[in-house]
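No lab work stands behind these numbers, since they all come straight from the coordinates. What you see is a predicted model; the values in this text were computed from it and never measured. In this analysis, Cβ positions are derived from the backbone assuming ideal geometry, glycine residues included, and neighbour counts consider all displayed protein chains.
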Ligand SMILES: C[S@@+](CC[C@H](N)C(=O)[O-])C[C@H]1O[C@@H](n2cnc3c(N)ncnc32)[C@H](O)[C@@H]1O
C-alpha cells in the first residue's frame with residue numbers, strides 16, 4: 001500500500017510544516033511558458049500558489065479521489081482554477097506538451113519499484129516541450145535518522161509510527177488512526193540512471209530548496225532536468 005485513502009483526512013495537518021519547497025517550485029513555474037503539470041498533486045498545497053503566481057494553466061494529476069476532492073475545495077476557496085485529473089503518474093499522457101512537470105514532497109517515492117519510476121520518467125520525457133523542465137525532490141536515506149526514528153511513536157505533526165524495511169528500501173508510515181503510507185527511497189545514482197534511460201539531462205542537483213549545493217551531507221535531493 002503506497003498511499004491509503006484514509007491518509008487524506010489528516011493530510012492538511014501532516015503537510016502543514018512543509019512550506020520551504022513552495023517558493024522553489026513557484027520560481028521554476030514563473031520561468032516556464034506553457035502548461036504546468038504537477039504529478040501527485042495531493043491537496044493542491046503547491047499547485048494553488050503556482051496558479052496564483054503564474055496565472056498559467058495548471059494540471060494536477062493524482063490517483064486519490066479523496067486528495068483530489070481536497071484540492072478542488074482548496075482551489076475554489078483560493079479563487080483559482082486547477083485542472084484536476086484522477087490518474088496514475090505511471091500512465092502520464094498529456095494532450096499538449098508541458099513546459100514544466102514537477103513532483104514535490106517526495107511523491108515519486110510512492111512508486112514501489114525502479115521499473116515504475118523508469119516508466120514515469122519515460123512518460124515525463126515524452127510529455128515535455130523541447131525546452132521544458134522536470135523537477136522533483138526526494139530524501140536521501142540517512143541511517144542515523146532511520147536508527148533514531150524506527151519504531152518510535154511520534155506525536156507530531158499527527159500521531160504516528162515509522163518503520164524502516166531496509167531490505168526493500170522502504171519506510172512505512174502508520175498513523176495512530178490506522179491510515180498507512182509507504183515510501184521507497186532511492187540513491188543519487190538511481191535517480192541519475194532514471195534520467196539516463198529516459199533520455200533526460202541533468203540541469204541541476206541542489207541540496208535544498210534555496211539552491212544550496214548538493215554535498216555528501218545533504219539530506220534532500222532537489223533535481224531539475226531537461227529533455
Ligand atoms: C505526499 S503527497 C504529495 C502531495 C503534493 N504533491 C504535495 O506536495 O503536498 C503524495 C500524493 O501522491 C499520490 N500518489 C501516490 N501514488 C501515486 C501514483 N502512482 N500516481 C499518482 N498519484 C499518486 C497520493 O494520492 C498523494 O496525494
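With the simple spin-label model, which puts each label point 7 Å out from Cα in the Cβ direction, the residue 115 to residue 163 separation comes to 2.6 nm. Model label sites at residue 86 and residue 150, defined 7 Å from Cα along the beta-carbon direction, differ in position by 3.9 nm. In plain terms, the C-alpha convex hull of region 80-155 casts an average shadow of 7.9 nm² when viewed from every direction.
If R0 equals 35 Å, the separation of the Cβ atoms of residue 226 and residue 176 corresponds to a calculated FRET efficiency of about 0.25. Classify region 37-136 from the C-alpha gyration tensor, please: rounded if a/c falls under 1.5, else prolate or oblate depending on whether a/b exceeds b/c. Because a/c hits 1.5 or more and a/b fails to exceed b/c, region 37-136 counts as oblate.
Report the relative contact order of the chain, percent, no decimals, based on alpha-carbon pairs under 8 angstrom and at least 6 residues apart.
Relative contact order of the chain: 20 percent.
Determine the gain in length on full extension of the stretch residue 26-residue 187; use 0.36 nm per residue of separation and subtract their C-alpha separation, reporting nm with one decimal. Intermediate results must be reported in sequence, preceding the final value.
On the way: separation 161, 0.36 × 161 = 57.96 nm, distance 2.59 nm.
In short, 55.4 nm is gained.
Pulled fully out, how much extra length does the chain show between residue 73 and residue 139, if you take 0.36 nm times their separation in residues and subtract their Cα-Cα distance?
Working: separation 66, 0.36 × 66 = 23.76 nm, distance 2.92 nm.
Net length gain for the segment: 20.8 nm.
Based on the Kirkwood radius over alpha-carbon pairs, what value in µm²/s does the Stokes-Einstein equation return for the translational diffusion coefficient of the chain at 25 °C and 0.890 mPa s? Rounded to a whole number, D works out at 138 µm²/s.
Run a plain Debye calculation on region 124-227 (Cα atoms as equal point scatterers, no solvent) and give log10 I(q)/I(0) at q = 0.09, 0.23 Å⁻¹, rounded to two decimals, same order as the q list. Cα-only, vacuum Debye calculation for region 124-227: -0.30, -1.18.
Report the gain in length on full extension from residue 96 to residue 5: 0.36 nm times residue separation, minus Cα-Cα distance, nm rounded to one decimal. Spell out each step's value before the answer.
Details: separation 91, 0.36 × 91 = 32.76 nm, distance 2.97 nm.
So the extension gain works out to 29.8 nm.
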